[in-house]
Amino acid sequence: MGDYLLERQKSERLHYRKLTSGDFTSWLPFYHDPNSTKYWDGLPNDAETACTEQFERQFERYENGLGGMNALISIKTGDLVGICGLLLQTVDGIEELEIGYSILPQYRQKGYAFEAAQKCKQFAFEHRLAESLISIIQVDNIPSQKVALKNGMFLDKTTSYKNNQVHIFRVSS
């Protein structure tokens, strides 16, 4: 457990740690912003329910050694900026290591997603966690696709994942 987590890691502006139940209130505004969920079908409409389900999934990942999202904490302010991490996923029957990222609305378009995704990529390759990494991005989610491309990834394929049409972006070590 913990092999995929970036606990106690730092990048230029961010400190990485596990999510805790105490982060719930800070993360809830993510689900109050319709732009946060407009690209993904199948999420609960109620913000508290969606946030609760996400936190439960993360804690389950931690317990089962399946990676998970790290809380992204601003070094300057101590505030939660977003979440990002390495997650074991099964796509088209193949187990892959994904870089996943989400940023709170007030911190978007400030380079935090790229900074965190880049740190995840570096961490995974330095620790030889996988020969390649993916990001699973809904086909209309252009902002996340731009982050993947900036992180050195290329569009590998388009497929269906959890009832959503997605692009699989990939980078190799």
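Some notes on this structure:
- The H on the amide N of residue 19, modeled in the peptide plane, is under 5 Å from the matching H of 71, each at least 5 residues off or on a different chain.
- Highest-first arrangement of 31-44, 82-95, where packing means the average Cβ count within 10 Å: 82-95, 31-44
- Three-way shape call for the range 110-153 based on the alpha-carbon gyration tensor, with the a/c threshold at 1.5: oblate
- Carbon and sulfur %, accessible surface of the range 30-130 computed with the full protein complex present, 1.4 Å: 43
- Taking the average, over residues, of other Cβ atoms within 10 Å as the packing measure, peptides 123-130, 112-119 rank 112-119, 123-130 from highest down.
- [x] 21, 20, 16; [y] 39, 18, 14; [z] 23, 18, 14, with the label sought being that of the calculated semi-axes √(5λ) of the Cα gyration tensor in Å: [x]
- Excluding same-chain neighbours fewer than eight residues apart, the lysines reachable from residue 121 by a Cα-Cα span under 18 Å are 10, 18, 146, 150.
- Taken about its Cα centre, the chain carries a charge dipole of roughly 720 debye when the Cβ of each Lys and Arg holds +1 and the Cβ of each Asp and Glu holds -1.
- Solvent-accessible area per residue, Å², over the chain with all protein chains present [probe radius 1.4 Å]: 52
- Tensor-based shape of the range 29-121 (alpha-carbon gyration tensor, a/c under 1.5 rounded, otherwise prolate or oblate): oblate
- Point-charge dipole on Cβ atoms (K/R +1, D/E -1) for the range 26-123, about Cα centre, debye to 20: 580
- Between the range 82-104 and the range 109-143, the alpha-carbon centres lie 9 Å apart.
The values are calculated or read from the model by the stated rules, or taken from the named source; none is laboratory data. Quantities reported herein were computed from a predicted structural model and do not represent experimental measurements. Please note: Cβ atoms are built from the backbone with ideal geometry, for glycine as well, and neighbour counts cover all protein chains shown. Note: areas computed on protein heavy atoms with side chains; ligands, DNA, RNA excluded. Shrake-Rupley method; radii C 1.70, N 1.55, O 1.52, S 1.80 Å.
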